[in-house]
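Below is one structure; the comments refer to it alone.
The values are calculated or read from the model by the stated rules, or taken from the named source; none is laboratory data. These numbers were taken from a predicted model, which means no experiment stands behind them. Cβ coordinates were reconstructed from backbone atoms using ideal geometry, including for glycine residues, and neighbour counts include every protein chain displayed.
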Amino acid sequence: KNEVEQSPQNLTAQEGEFITINCSYSVGISALHWLQQHPGGGIVSLFMLSSGKKKHGRLIATINIQEKHSSLHITASHPRDSAVYICAVDFSGGGADGLTFGKGTHLIIQP
Amino acid sequence: DVKVTQSSRYLVKRTGEKVFLECVQDMDHENMFWYRQDPGLGLRLIYFSYDVKMKEKGDIPEGYSVSREKKERFSLILESASTNQTSMYLCASSSPDDSIGIQYFGAGTRLSVL
């Protein structure tokens with residue numbers, strides 16, 4: 001069965017710390033998504049990766065296809081970064097069969 | 001901006017009721033999805049549709065059905081709601097023309113079945 005493992009499940013850090021969230025998957029993929037979910041449920045797509053590295057502001061996402069692993073980094077973390085971060089993988093190609101999700105990382109950044 | 005709209009943010013229903021969750025997208029996307037999200041289990045795919053009147057079972061279709069009569073609207077139906085269907089339900093859409101398949105999510109419907 002295609003699986004997505006995310007770690008840590010919970011993470012509490014102080015403002016300004018460098019944050020890393022990890023995602024591993026079981027078989028080859030066509031794309032990997034990092035999603036952010038704020039309290040109240042709305043989900044926002046942060047990144048979509050099929051190789052290499054992407055950067056947007058203080059967020060950096062990397063993927064290693066050979067190792068079947070991706071990381072999401074937050075530099076200079078801020079309390080407004082507090083959210084659930086979800087790794088989601090497209091095993092099928094083109095997204096037509098839906099995504100398989102990790103269980104999420106609940107991040108709390110304390111002032 | 002892509003907009004995926006779910007008809008209700010919060011819904012409370014009684015066991016045995018028939019429940020309709022509606023989702024509308026405004027980007028002419030062919031693909032639409034229904035997920036449920038539960039603590040400790042993450043998001044799981046219930047059903048998806050890649051065209052009008054087409055539907056495919058996801059990972060957990062039992063107890064649910066769907067309807068896609070128009071391209072922009074994808075409905076999730078709980079024929080006889082049960083307490084174990086209390087959950088957050090999320091709708092998403094994507095275009096097959098987007099080769100790397102970004103999905104756009106609605107805000108979610110938190111359903112409580114009493």
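Details
- So residue B:40, is it assigned to a loop (DSSP other than H, G, I, E, B), loosely packed, with under 13 Cβ neighbours inside 10 Å and touching a residue at least 60 places away in the same chain (Cβ under 8 Å): no
- Looking only at segment A:24-39, residues that are within 12 Å of another protein chain (Cβ to nearest Cβ) and either loosely packed, with under 13 Cβ neighbours inside 10 Å or not small (Gly, Ala, Ser) (or both) come to 9 in all.
- Flag for residue A:19 being more than 11 Å from the chain's Cα centre (by Cα), surrounded by 12 or more Cβ atoms within 10 Å (Cβ to Cβ), among the β-branched types (Val, Ile, Thr) and under 14 Å from residue A:101 (Cα atoms): no
- Against the numbered list (1) away from chain A (no Cβ under 14 Å); (2) touching a residue at least 12 places away in the same chain (Cβ under 8 Å), residue B:62 comes up short only at (2).
- Residue A:98 in a loop (DSSP other than H, G, I, E, B), within 12 Å of chain B (Cβ to nearest Cβ) and touching a strand residue (DSSP E or B) at 6+ places or on another chain (Cβ under 8 Å): yes
- If you go through segment A:40-57 and keep only what is in contact (Cβ under 8 Å) with a residue 12 or more places away in the chain and more than 8 Å from chain B (Cβ to nearest Cβ), you end up with A:46, A:47, A:49, A:51.
- Odd one out for residue B:38 among (1) within 14 Å of chain A (Cβ to nearest Cβ); (2) more than 23 Å from residue A:38 (Cβ to Cβ): (2)
- For segment A:59-81, residues that are part of a loop (DSSP other than H, G, I, E, B) and modelled with pLDDT of 95 or more total 4.
- Within segment B:30-72, restricting attention to residues that are of a type in the set (Gly, Ala, Ser), out of contact with any Gly (no Cβ under 9 Å at 6 or more places or on another chain) and at positive phi, the residue that is modelled with the lowest pLDDT is B:40.
- Selection within segment B:43-59 - within 12 Å of another protein chain (Cβ to nearest Cβ), hydrophobic (A, V, I, L, M, F, W, C) and surrounded by fewer than 21 Cβ atoms within 10 Å (Cβ to Cβ): B:54
- Consider segment A:82-111 and keep the residues that are more than 13 Å from the chain's Cα centre (by Cα) and modelled with pLDDT of 90 or more. The one that is nearest to residue A:10 (Cα to Cα) is A:108.
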